[in-house]
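What follows is a single structure, written as structure tokens, with notes after it.
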Amino acid sequence: MTDALGPTPAAAAGAAFSRGRPTGVLVLADGKAFFGHGFGATGEAVAEVCFNTAMTGYQEILTDPSYAGQIVCFTFPHIGNVGTNPEDLEARTPAVRGLVVKADVTEPSSYRNVQHLADWLKARGIVGLSGIDTRRLARLIRENGMPNGVIAHDPEGRFDIDALAARARAWSGLEGLDLAKEVTTRQSYGWTETPWAWDKGTGTREGAPRFKVVAMDFGIKSNILRELAGIGADLVVVPADASADDILSHRPDGIFLSNGPGDPAATGAYAVPAIRALIEAGKPVFGICLGHQMLALAAGGRTKKMAQGHHGANHPVKDVATGKVEITSMNHGFTVDAASLPANVRESHVSLFDGSNCGIAWTDKPVFGVQYHPEASPGPHDSHYLFQRFAALMEQHRG
């Protein structure tokens, strides 16, 4: 049997049974069930279900703290084929709640492999599911938005579908949820590691630093810190709830606002007052993703939930001032309402997929933010220039 989105749950279950008893399942809040093979950790996890279209960089995606509260379905079928290694981590402790893939994970084939993806997931308590029709799931999300769901793995194949669906319905969802407090650092720390280079790995910042930068950690990715160290920044990373006085006590040349998960408005309840004070202090400020959304809220703008979100490494973004198009890496489920921005904040970048806001810049202060990931981990390098732009602002406004 099939429906408008492909095989029905019953047909999917039959396909899984044809290869042996299903050991994994994804159950959505409306009761749709996708049966397959569980791998990684056993157990259950409830979260919002999204899809990511990237063809590479699955380990970086799985360790991006912005995926807290989410189950990621990869549309690219071959995930896990290069294994895992300690160099491609974006955070020490992954916050993603589950992984869904089409093909069963094969033995890794890469000279950089250290551990099989299934073992890596198991060691970190992350449930994986393979063997489902990921095209059907992606189409469902495209047409109906990102649903709540429960991913479950039981080697004995014991699943109470009605109970799992009820659990998915009972979960609050991401709107109104402050997840930055769950992934932020608990105490300040320094950072000196520089970007990775082929066959050399990551390096360490050498010589005297050019700038002092304080980064507010809402769920910061390691490669952002590497890029900042790469422009010569002496970095201090502070918790998401750090006060403006705490941040300014470091006498920074610039302030960075990081990416992160959850509802921007919920995190902004405590972060926006500090950010407004930092902007008024006249320091250059650069925000990425959630940090970009925090800047918009600090300006008096609004954010709103997206139906599907933007998750992938091939998103075209237009620079409004120059007309240049950049291919970017994205991961966000909320967006800035450009119509809500005040007169002194212009829209600097827009998505060519749906016209949503992808960048803002103050006309009277050295402050800007983008809704995509110029650190490109994973993804193209078209937007690396933004770190140099931040460096130029700090040089211009130093002292």
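Just so you know, all these numbers are worked out from the coordinates, no wet-lab data involved. Keep in mind that what you see is a predicted model, and the values were worked out from it rather than measured. All Cβ positions, glycine included, derive from the backbone under ideal geometry; neighbour counts span all protein chains shown.
Would you mind checking the tilt of helix 9-18 against the longest principal axis of the Cα atoms of the chain, expressed as 0 to 90 degrees and rounded to 10? In the chain, helix 9-18 runs at an angle near 70 degrees to the longest axis. Modelled spin labels at residue 85 and residue 396, positioned 7 Å past Cα toward Cβ, are 3.9 nm from each other.
The alpha-carbon positions of the stretch 180-397 define a convex hull whose volume is 117 Å³ per residue.
With the simple model of a label 7 Å out from the Cα in the direction of the Cβ, residue 187 to residue 381 spans 3.7 nm.
Restricting to the chain, what percent of DSSP beta bridges are antiparallel, rounded to 5? Present the calculation step by step, with values, prior to reporting the outcome.
Details: 50 of 79 bridges.
Within the chain, antiparallel bridges account for around 65 percent of the total.
Relative contact order, whole percent, for the stretch 73-133 stands at 44, derived from Cα pairs under 8 Å and 6 or more residues apart.
Given the C-alpha centroids of the stretch 353-369 and the stretch 306-345, what is the distance between them in whole angstrom? If you average the Cα positions of each part, the centres end up 9 Å apart. Basic side chains Lys and Arg get +1 at the Cβ, acidic Asp and Glu get -1 at the Cβ, and with that the dipole of the chain about its Cα centre reaches some 200 debye.
Give the angle, between 0 and 90 degrees and rounded to the nearest 10, that separates the Cα long axis of helix 161-170 from the longest principal axis of the Cα atoms of the chain. Tilt of helix 161-170: around 20 degrees.
Residues considered: 325, 127, 105. Largest GNM mean-square fluctuation over the chain, using C-alpha springs under 10 Å, is found at 325. On the basis of the beta-carbon distance and an R0 of 51 Å, residue 340 and residue 107 show a calculated FRET efficiency of 0.50.
Which FRET efficiency value, to the nearest 0.05, do you get for residue 212 and residue 76 by plugging their Cβ-Cβ distance into 1/(1 + (r/R0)^6) with R0 = 35 Å?
Details: r = 40 Å, r/R0 = 1.15.
The calculated FRET efficiency here is 0.30.
Here, P(r) means the percent of Cα pairs in each 20 Å bin from 0 to the largest distance; for the chain it is 29, 56, 16, 0. Modelled spin labels at residue 319 and residue 198, positioned 7 Å past Cα toward Cβ, are 2.6 nm from each other. With a 10 Å cut-off between alpha carbons and a GNM built on the chain, which of 85, 357, 52 moves the most? Its mean-square fluctuation being the largest, the pick is 85.
Semi-axes of the stretch 2-170's equivalent ellipsoid from the Cα gyration tensor, sqrt of 5 times each eigenvalue, largest first, rounded to whole Å?
Details: eigenvalues 118, 55, 47 Å².
Equivalent ellipsoid semi-axes, largest first: 24, 17, 15 Å.
The Cα-based radius of gyration of the stretch 262-372, divided by its Kirkwood radius, gives an Rg/Rh of 0.95.
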